[in-house]
Amino acid sequence: MKYVGSKSVEALLTPFRLDMVQQIEAPEGCDGVWQRYVISQGSNTIVGMRCGAQVDVNRALNEIVERLNLRFTKQQSKEAERSHKKTRVVERAPAAAVAVEVEVAPSDAQPT
């Protein structure tokens, strides 16, 4: 996954966080107490609704944010590892090319 632009770089360095939980009216056709929430990561936002008392919704959303951050951290580690592997391959490529040239050069020098 490639990121372009300053907003994406900002998102790469910013963990997810729960910005807001606010009680709202139940959606049409639903009963009970409902909460609207906003989770952000840099300039990225997740907006949603969840049924339940504010204290219960807060607890559930904090767990979601924690899992998002764990997943995000694991993804960053995997991308760093892939980048490192690509770098090692690039570092080896010139040596392999030189070895091939050395093997080919003597056969070109033989008289026909």
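Read-outs: derived from the displayed coordinates by stated rules, not from any lab. Since this is a predicted model, take the numbers as computed values, not measurements. When we count neighbours, we look across all protein chains shown, and the Cβ atoms used for this are built from the backbone with ideal geometry, even at glycine.
You can think of it this way: the chain between Ile46 and Leu13 has 10.1 nm of extra reach, that is 0.36 nm per residue less the Cα-Cα gap. Karplus-derived 3J(HN,Hα) values for segment 69-77, using 6.51 cos²θ - 1.76 cosθ + 1.60 with θ = phi - 60°, are 5, 5, 4, 4, 5, 5, 4, 4, 5 Hz; glycine and proline are entered as x.
Couplings 3J(HN,Hα) of segment 16-29, computed from phi: 5, 8, 7, 8, 7, 9, 9, 5, 9, 6, 4, x, 4, x Hz, in residue order, whole Hz [Karplus 6.51 cos²θ - 1.76 cosθ + 1.60, θ = phi - 60°; x for Gly and Pro].
Scalar couplings 3J(HN,Hα) for segment 48-55, obtained by applying the Karplus form with A = 6.51, B = -1.76, C = 1.60 to θ = phi - 60°, are x, 10, 8, 7, x, 5, 4, 5 Hz; x denotes Gly and Pro. Packing, as the average of other Cβ atoms within 10 Å across residues, places the peptides 27-36, 63-72 in the order 63-72, 27-36, highest first.
Taking amide hydrogens as placed 1.01 Å from N in the peptide plane, the amide H of Val33 sits under 5 Å from those of Gly52, each at least 5 positions away in sequence or on another chain.
Given R0 = 41 Å, the distance between the Cβ atoms of Gln54 and Gln75 translates into a calculated FRET efficiency of 0.85.
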